[in-house]
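First up is the structure itself, then whatever we jot down about it.
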Amino acid sequence: MIASPLVEFFKRGEVARDVRLLAAQGGFAPRAHEQLSILVLLLEDPDVEVRQTADATLNRLPAEALSKFLSRPDVSVTLREFFAARGVPVAAGAPAEDAETPLVDVDIAEPGDEDLLAEGDDDQLSVSQKISKMTFTQRLKAASKGTREMRAILVRDTNKMIAAAVMSSPKLTEQEVESIARMASVSDDVLRMIAHNRAWMKSYKIVLGLVKNPKTPVALSMNLLQRVSSKDCSQIAIDRNVPEPLRIAARKKTVESKP
């Protein structure tokens with residue numbers, strides 16, 4: 001299984017039945033990695049219909065595309081062995097290049113989906129109004145497939161799974177992550193999701209955003225401070241918005257870095 005905030009929700013059994021059924025049908029999963037991991041987990045679901053639906057979806061996955069996907073180096077041995085037992089071998093040729101889209105994407109529409117999830121609306125008030133009218137499932141879809149404006153609002157949703165869906169969206173850009181890392185209005189869970197993503201943490205701007213964010217857990221900020229430049233450390237040392245232990249540590253690092 002992959003390390004994914006969304007997959008963790010399914011592992012912990014914190015997902016409502018309608019969302020589990022949607023995922024079992026192939027109607028919700030941001031990426032192929034997450035889709036396969038979730039479908040495998042749902043084979044053990046306590047609900048018979050969810051189990052049977054997940055099994056049926058796994059059986060109708062396109063064999064060639066699945067085989068190529070399994071040959072990717074980032075696919076776990078456990079997942080390969082699972083599908084080998086179901087008669088799907090790892091492709092001998094070039095592995096699949098695309099891991100950003102699910103292997104099967106069933107559009108299970110709700111009334112009003114087309115209007116609520118429409119692209120091209122830059123009016124922030126209008127976007128907020130749209131979101132306020134959405135059902136939980138529609139918010140989940142919008143978090144994964146909606147607009148940039150929708151993600152900026154939904155990442156602050158009080159439901160942790162909605163926020164996790166935003167952070168798992170294939171549409172999410174590094175620039176958006178930089179902005180989210182600086183938001184004091186997001187939960188510390190979202191900030192931890194960013195910190196645990198190796199690709200995002202290669203960006204100095206994201207690291208700095210997390211360190212300067214007063215919502216970031218102090219232990220995490222202190223750890224990341226080691227990667228902050230002396231110039232930025234000197235600014236953090238006098239920043240009243242960050243926790244005092246971080247200011248003290250930044251001040252100490254600034255003093256130590258002086259010749």
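The values are calculated or read from the model by the stated rules, or taken from the named source; none is laboratory data. All values reported here derive from a predicted model rather than from experimental measurement. No Cβ is skipped: glycine too gets one built from the backbone with ideal geometry, and neighbour counts run over all protein chains shown. Please note that ligands, DNA and RNA were not included when accessible areas were found on the heavy atoms of the full protein model with its side chains. Shrake-Rupley method; radii C 1.70, N 1.55, O 1.52, S 1.80 Å.
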Quick one: which helices (runs of 4 or more DSSP H) lie wholly within the range 1-44 and hold at least 1 residues that are within 15 Å of the chain's Cα centre (by Cα) and touching a residue at least 24 places away in the same chain (Cβ under 8 Å)? 5-11, 32-42
His196 fails exactly one of (1) without any contact (Cβ under 8 Å) to a residue 40 or more places away in the chain; (2) over 19 Å from Ile153 (Cβ atoms), namely (1)
For Ala109, state whether it is at pLDDT below 90, within 23 Å of Met134 (Cα to Cα), among the aliphatic types (A, V, I, L, M) and in a loop (DSSP other than H, G, I, E, B). yes
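Give the residue that is least open to solvent (accessible area, probe 1.4 Å), with candidates limited to residues of the range 67-83 that are of a type outside the set (A, V, I, L, M, F, W, C) and assigned to a loop (DSSP other than H, G, I, E, B).
Among those residues, the one meeting the criterion is Ser71.
Here is a check on your reading of the model: is Glu64 closer than 27 Å to Ala199 by Cα and part of a helix (DSSP H, G or I)?
no
Kindly indicate whether Gly26 is out of contact with any Phe, Trp or Tyr (no Cβ under 8 Å at 6 or more places or on another chain), at positive phi and exposed (fewer than 14 other Cβ atoms within 10 Å of the Cβ). Can you show your working first?
Values: out of contact with any Phe, Trp or Tyr (no Cβ under 8 Å at 6 or more places or on another chain): yes; at positive phi: yes; exposed (fewer than 14 other Cβ atoms within 10 Å of the Cβ): no.
The answer is no for Gly26.
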Taking the stated definitions as given, is Lys253 open to solvent by 20 Å² or more (accessible area, probe 1.4 Å), among the basic types (Lys, Arg) and under 21 Å from the mean Cα position of the chain (by Cα)? no
Looking for something open to solvent by 60 Å² or more (accessible area, probe 1.4 Å) and within 24 Å of the chain's Cα centre (by Cα) - is there at least one such residue anywhere in the range 85-92? no
Which of the residues belonging to the range 38-54 are under 27 Å from Gly93 (Cα atoms) and either open to solvent by 50 Å² or more (accessible area, probe 1.4 Å) or touching a Phe, Trp or Tyr at 6+ places or on another chain (Cβ under 8 Å) (or both)? Ile38, Val40
